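Enquirer: Dropping the structure in here first, questions after.
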């Protein structure tokens, strides 16, 4: 039995309509999203061949829940906090120099990924397959930009620039393909289940 199509475009809009105090609503949602991204960056999940963080799950979830503009703005706020020196990234590193390192390409791609997923979520609501496809496409973008940056532009501790195509693929893309696919499937399922639960509560 299919779940009825929601009348609102995103989960955030359904749970907290932007009718009264829209500015306060946006600020609180952004703060909640930044907190979620920070926690997801600090959590490592054991996975083969390397441990993974939950950040690439949190980014599309925020996009799907908040929509394109607010989701993208939330991720930009997270990056701005890290750029300013707040310890929001994995480990204790932060500041402008962190963006020049090996993870710079992935970070730059995050707000674009959230925007893509949010734009699709606004149009598809609780339809899991289109949302899953959008999450996969957004993740491919993250991996592609991360790969290009790591291969050619990353500032290395040795003073060099870029690790080369082979090392970038083996260290920055290949180990995460399976894990990211699982995370995108989980993310789409969570959004679909959240809509189903919300629809049920509303009777």
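Read-outs throughout are calculated quantities, based only on the coordinates presented, and are distinct from any laboratory measurement. What you are looking at is a predicted structure, and each value in this text was computed from that prediction instead of being measured. Note that each Cβ is placed from the backbone with ideal geometry, even for glycine, and that neighbours are counted across all protein chains shown.
Enquirer: Take the chain, connect every pair of alpha-carbon atoms lying under 10 Å apart with a spring to form a Gaussian network, then pick out the residue of 28, 145, 61 with the largest mean-square fluctuation.
Expert: 28
Enquirer: Something else about it: Between residue 177 and residue 158, with labels modelled 7 Å along Cα→Cβ, what's the label distance in nm to one decimal, could you check?
Expert: 2.6 nm
Enquirer: Based on alpha-carbon centroids, what's the gap between segment 19-85 and segment 124-203 in Å, whole number please?
Expert: If we compute the Cα centre of each part, the gap is 14 Å.
Enquirer: Evaluate the Debye formula for the chain with equal point scatterers sitting on the alpha carbons, no solvent, and hand back log10 of I(q)/I(0) at q = 0.12, 0.19 Å⁻¹, in q order, two decimals.
Expert: -0.61, -1.35
Enquirer: Give me the distance in nm between label points sitting 7 Å out from Cα along the Cα-to-Cβ direction at residue 185 and residue 165, one decimal.
Expert: 3.1 nm
Enquirer: Any idea what angle helix 177-201 forms with the longest principal axis of the chain, computed on alpha-carbon atoms, 0 to 90 degrees, nearest 10?
Expert: 20 degrees
Enquirer: What's the angle, to the nearest 10 degrees (0 to 90), between helix 104-124's Cα axis and the longest principal axis of the chain?
Expert: Relative to the chain, helix 104-124 is tipped by roughly 20 degrees.
Enquirer: With axes computed from alpha carbons, what is the tilt in degrees of helix 22-42 against the longest principal axis of the chain, rounded to the nearest 10 within 0 to 90?
Expert: Once rounded, the angle reads 40 degrees.
Enquirer: With each run of n ≥ 4 DSSP H residues scored as -39500 (n - 2.57), what mean residue ellipticity at 222 nm is computed for the chain after dividing by its residue count and rounding to the nearest 500 deg cm²/dmol? Write down the numbers at each step before the final one.
Expert: On the way: 9 runs with 134 residues, N = 203.
Roughly -21500 deg cm²/dmol at 222 nm, from the helical runs in the chain.
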